[in-house]
Structure formats: structure tokens, C-alpha cells
Amino acid sequence: MESRQLLVETMSELMWERGYADTSPRDVRQRSGVGQGSMYHHFPTKRDLALAALERNVADLLPAAAELDGPGDPMARIEAYLMRPRDALKGCKVGRMTQDPQVREDPVLLAPVARAFAQVHASWAKVLREAVAAGQLRADLDTERLAHTLMAVLQGGYVLAIAQQDPGPFDDARSGALDLLRAAAPATPKGDS
């Protein structure tokens, strides 16, 4: 693997594990095995390396969210996305960065995080609008607000699972979101089967 790519992947993993503030260039060099000269050739500053790692984390997140945009039944896509396997105890690579004060306070580092969440929100809102149009959800639902709610369920589920060191709360949150979505289906008129 090329040293630049190895540095980005290593920084990505360390930021996911420890956060930006608690990851030093030395940590990255030690874990990656890449020398100091090579590291600073590719990334003059820790911030430059962190930005590349954040862009990589966003690139990892977005294909999964694209499942919401795919073909087929909207509610089936929603359920598949909510229930797809995730490591709840590691949390979200992108969401984790919102908890790091140095990322939150740096508009350049925060930008890829905000962009990723905006893109995921757009995918959620679109599939929810499709579910409304298909008659799978009530027409009076605010799909933009519901998209934020579902994103918050996933991110909050990670927080609960990590706090309790148990994936159960994450799984319960996802299943609870599906229960609420099913409850938001239009009522079937009496006499229909």
C-alpha cells in the first residue's frame, strides 16, 4: 500500500478510536510504520492529514447511505438500511467527530462532517417522500423532520450502546424506529383486506 494511503487509513482509524485531539502524528507514524519524512512530505500538518482522513470516512459512509436511494420498495430500503449490520460499540466514523472539540471548532475539519450528514439527510428525506407517494406512510408526515429523527435514532443508538458497552440499546433504537414507521402507515379502510 502506498504510504499516503496508509497514513490516511491509519489516521482514519485512530480518529475513530480516539478522536482528533487525542491522536498525535507520532501515533500515526508508529501504527502505520511510515517514517516522519514521508509523513510530512504528504501531509505538512496534522490538520492536513486529519482532513484527508475525514474525507475518507465520509467516502466510506456515503455508499451505505446510497442504499436508501436505490430501486425498489421504499419501506424495504428503509428497513434494510436501518437494520444492516453495524458495529454499535465502535460508533459512527463521521458522527464521532462531532464529539471532538477541535473538529467542532475548526470550520475546515467540520465541513466534511456537515456535508456528509446533509447528504445522508437528503437521502432519508427522498426515500421517505417515496414511501409517502407509494402510500406506505401517511401523507401528513413531515419527511424532512422525520429524516432528522431517523438520523438521530441511529446516532443516539450508538451513544447509548457505547455508554453501556452493549449493542442492545442500538438494536432496540433501530427496531423502535421501525415500529414507529409502521405505526405511521395509513389506516386501512374497514372492509379492505
Legend entry - Cα centroid separation, the range 1-44 to the range 124-181 (Å): 35
Inset, instruction - Compute the convex hull volume of the Cα atoms of the chain, divide it by the residue count, and report the result per residue in Å³ as a whole number. - result: 127
Legend entry - Span-like helix ranges in the chain, DSSP H, alpha carbon extent 24 angstrom or more, Kyte mean at least 0.0: 46-65, 107-133, 143-164
Inset, instruction - Can you give me the P(r) profile for the range 43-136? Cα pairs, bins 10 angstrom wide beginning at 0, each as a whole percent. - result: 15, 41, 28, 13, 3, 0
Legend entry - Whole-percent carbon and sulfur share, accessible surface of the range 96-193, 1.4 Å: 57
Inset, instruction - Provide the packing ranking of 58-67, 4-13, 72-81, i.e. peptides ordered by the mean count of other C-beta atoms within 10 Å per residue, highest first. - result: 4-13, 72-81, 58-67
Inset, instruction - Using only the C-alpha atoms of the range 1-92, find the volume of their convex hull and express it per residue in Å³. - result: 110
Inset, instruction - Please report the base-10 log of the normalised intensity I(q)/I(0) for the range 102-193, using a Debye sum with one equal scatterer per alpha carbon and no solvent, at each q in 0.14, 0.18, 0.26 (1/Å). - result: -0.66, -0.92, -1.21
Legend entry - Net dipole in debye of the range 39-141 [+1 Lys, Arg Cβ; -1 Asp, Glu Cβ; about Cα centre; nearest 20]: 160
Legend entry - Dipole magnitude (debye, nearest 20) for the chain, charges at Cβ of Lys, Arg, Asp, Glu: 280
Inset, instruction - Sum -39500 (n - 2.57) across every DSSP H segment of at least 4 residues in the chain, then divide by the residue count to get the 222 nm mean residue ellipticity, nearest 500. - result: -22000 deg cm²/dmol
Legend entry - Local electrostatic count at residue 162 - Lys and Arg +1, Asp and Glu -1, tallied over other residues with Cβ under 10 Å: +1
Inset, instruction - Mind giving me the FRET efficiency for residue 46 and residue 187? R0 is 45 Å, r the Cβ-Cβ distance, nearest 0.05 is fine. - result: 0.20
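Which value, in Å², gives the accessible area per residue of the range 1-144 when a 1.4 Å probe is used on the protein heavy atoms?
Heavy-atom SASA per residue in the range 1-144 reads 48 Å².
The values are calculated or read from the model by the stated rules, or taken from the named source; none is laboratory data. Model, not experiment: these values are computed from the prediction. Using ideal geometry, Cβ is built from the backbone for each residue, glycine included, and neighbour counts are taken over all protein chains shown. Areas reflect the complete protein model, heavy atoms only, side chains present, ligands, DNA and RNA absent. Shrake-Rupley method; radii C 1.70, N 1.55, O 1.52, S 1.80 Å.
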